[in-house]
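Asker: Okay, here's the structure, questions in a sec.
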Amino acid sequence: MFEGWSIIAVALGYVSALFALAWIGDRKTRSRKGGGGRPLIYSLSIAVYCTSWTFFGSVGLAAATGYDFMPVYLGPIIMFTLGWPILLRVVRLAKSQNITSVADFLAARYGKSPAVAAIVTIVAVIGVLPYIALQLKAIAVSIETLLGASLLVSIEVPRVAFMDTAFVITLTLATFAVLFGTRHIDATAHQDGLMMAIAADSLVKLAAFIAVGLFVIFGMFGGVGDFVAQATRSPVVESVFGQNSNGGKWLTVTFLSFVCIILLPRQFHVTVVENNSEVELRRAAWMFPAYLVLINLFVIPIAVAGLLTLPAGTTDPDFYVLKLPLSADATTMSLIAFVGGLSAAAMVIVESIALAIMVSNGLVIPLLLRHRLTDTVPQEDMGGLLLMIRRVAIFCILLLGYGVYQALGESQGLAAIGLISFAAIAQLAPAFFGGLVWRQGTA
């Protein structure tokens, strides 16, 4: 096992590297007024869709139900290929009205109603909290797995009732989210440094997942031939992957992922708000689906390897990606898997930033204006007030996510938690897509 502070150093070092990249990216962009690689960065940033649910949960779902993990990615692939005109219309409408969030978009389509924006914001926050809890669980369990299932506080952190691993992670991610996302007052201003960091993050988790997959096949089983031979002889593997797929479930999850690829606050932010041109969207129409295919190539092999190697009932299948290298005493590969999982969970930073903008613009500022509480604030101090509101909102959102994590406990799988969020966010779909075609909607 690993030393506690070495894991902490790796985690903090990785997130700090992302922050440094974002800072450098902002400075470079300002100095040259744009970047030639923006379509590539834009396409990779949309892959923030691939979270701990993808890195850990898809393997766990495959180990339990066979191919039922696939609809989560079929929906986005359909949206970015066949549904590309829908995305183009959303982007054009958003740019014409300086939209900053999905709440703003819906409010603009329905008479610029502040009430609509407030309702959408509340639904989005409630709906995304389980998704945030999913990421906190994934990071916490990953750390505790590397430490031999010991709590973070049992190393050298003073023992306080609420100071468990997930709570420390929550505060750390909230701090970095504030540093990442509250440097610009204008929510419509492009955060090119942040987009660069997200793009790099997407490459890291893709490379890490592929590395684990290759290690499993060639490092643990000696090659494709031996791996396939053992898999085909295993009755356990046959029972899992030989079961019939549930067509109704596939259709439902495909629909949920189809709408959530644009309705999730972080996805709307990176796809719509951060879009610079239609050229970027055209590149993403094939690059993002290709990314989804690549990152899922080794889901089934890793799931099969876990079923073959790890005794049933001793390991949570959600964490086969981490447990398989550990079982083979592959220290370096275990760290690569950990960093990959951490990069996947870093969506919390983008999600909390997007939600904080919605809370600020859709709830807090309208409330302050209605009660004339901003009349005493000098005009030059309004920017500082706005940033403070967003910073407080980020901490509150992540602490609420931690509360949901505690409420859900250890029984819920990562995929099950993710589907709760998808189902909640999908409640916005009728109004959102109806607003695109409603002739009386704001043009």
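The values are calculated or read from the model by the stated rules, or taken from the named source; none is laboratory data. Remember, it's a predicted structure, so these values are computed and weren't measured experimentally. FYI the Cβ positions are ideal-geometry reconstructions off the backbone, even for glycines, and counts take in every protein chain you see. Please note that ligands, DNA and RNA were not included when accessible areas were found on the heavy atoms of the full protein model with its side chains. Shrake-Rupley method; radii C 1.70, N 1.55, O 1.52, S 1.80 Å.
Asker: Accessible area per residue, 1.4 Å probe, Å², for the chain: what's the number?
Answerer: Numbers: 17750 Å² over 443 residues.
Heavy-atom SASA per residue in the chain reads 40 Å².
Asker: Now for a different question. On a full-extension model of 0.36 nm per residue, what is the gain between Lys28 and Leu367, subtracting their alpha-carbon distance, rounded to one decimal in nm?
Answerer: Going from the current span to full extension adds 118.3 nm.
Asker: Provide Ile143, Ile77 ordered by accessible surface of protein heavy atoms (probe 1.4 Å), highest first.
Answerer: Of Ile143, Ile77, the descending order of accessible area is Ile77, Ile143.
Asker: Could you tell me the relative contact order of the chain? Use alpha-carbon pairs under 8 Å, at least six residues apart, and round to a whole percent.
Answerer: Taking the mean separation of contacting Cα pairs over the length of the chain, I get 38 percent.
Asker: Evaluate E = 1/(1 + (r/R0)^6) for Val228 and Leu408, where r is the Cβ-Cβ distance and R0 equals 30 Å; express this FRET efficiency to the nearest 0.05.
Answerer: On the way: r = 37 Å, r/R0 = 1.24.
The pair Val228/Leu408 has a calculated efficiency of 0.20.
Asker: How much of the accessible area of the range 18-110, probe 1.4 Å, is carbon plus sulfur, in whole percent?
Answerer: The C+S portion of the solvent-accessible surface of the range 18-110 is 65 percent.
Asker: Ok, one more. Would you rank Glu238, Glu278, Glu351 by solvent-accessible area, highest first, keeping every protein chain in place and using a 1.4 Å probe?
Answerer: Per-residue accessible area, sorted high to low, gives Glu238, Glu278, Glu351.
Asker: Sticking with this one: Kindly provide log₁₀ I(q)/I(0) values, in the same order as q = 0.16, 0.19 Å⁻¹, from the Debye equation applied to equal alpha-carbon scatterers of the range 186-264.
Answerer: Computed log10 I(q)/I(0) values: -0.97, -1.02.
Asker: Residue separation times 0.36 nm, minus the C-alpha to C-alpha distance between Gln243 and Gln97: what's the value?
Answerer: Between Gln243 and Gln97, full extension yields an extra 47.6 nm.
Asker: Here is a follow-up. Helix 114-146: angle to the longest alpha-carbon principal axis of the chain, degrees 0 to 90, nearest 10?
Answerer: In the chain, helix 114-146 runs at an angle near 30 degrees to the longest axis.
Asker: Same structure again: What ranking, highest mean first, results for peptides 38-48, 53-63 when packing means the other Cβ atoms within 10 Å averaged over each residue?
Answerer: 53-63, 38-48
Asker: A further question on this structure: What ranking do 387-400, 119-132 get when scored by the average of other Cβ atoms within 10 Å per residue, highest first?
Answerer: Highest to lowest by the protection proxy: 119-132, 387-400.
Asker: A further question follows. Against the longest alpha carbon principal axis of the chain, how many degrees, from 0 to 90 and to the nearest 10, is the axis of helix 414-425 turned?
Answerer: Approximately 20 degrees, to the nearest ten.
Asker: Of the options Ser45, Gly247, Val10, report the single residue whose Cα projects farthest towards the positive end of the charge dipole of the chain (beta-carbon charges: Lys, Arg +1; Asp, Glu -1).
Answerer: Of Ser45, Gly247, Val10, it is Ser45.
Asker: Compute the distance in nm between two label points, each set 7 Å from the Cα along the Cα-to-Cβ direction, one at Ala17 and one at Val392.
Answerer: Going by the 7 Å Cα→Cβ label model, 3.7 nm.
Asker: Regarding the chain, what are the three Cα extents along the principal axes, ordered largest first, in Å?
Answerer: 70, 52, 44
Asker: Taking all protein chains in place and a 1.4 Å probe, what share, in percent, of the accessible surface of the range 202-344 do carbon and sulfur account for?
Answerer: Using a 1.4 Å probe with all protein chains present, the range 202-344 comes out at 64 percent carbon and sulfur.
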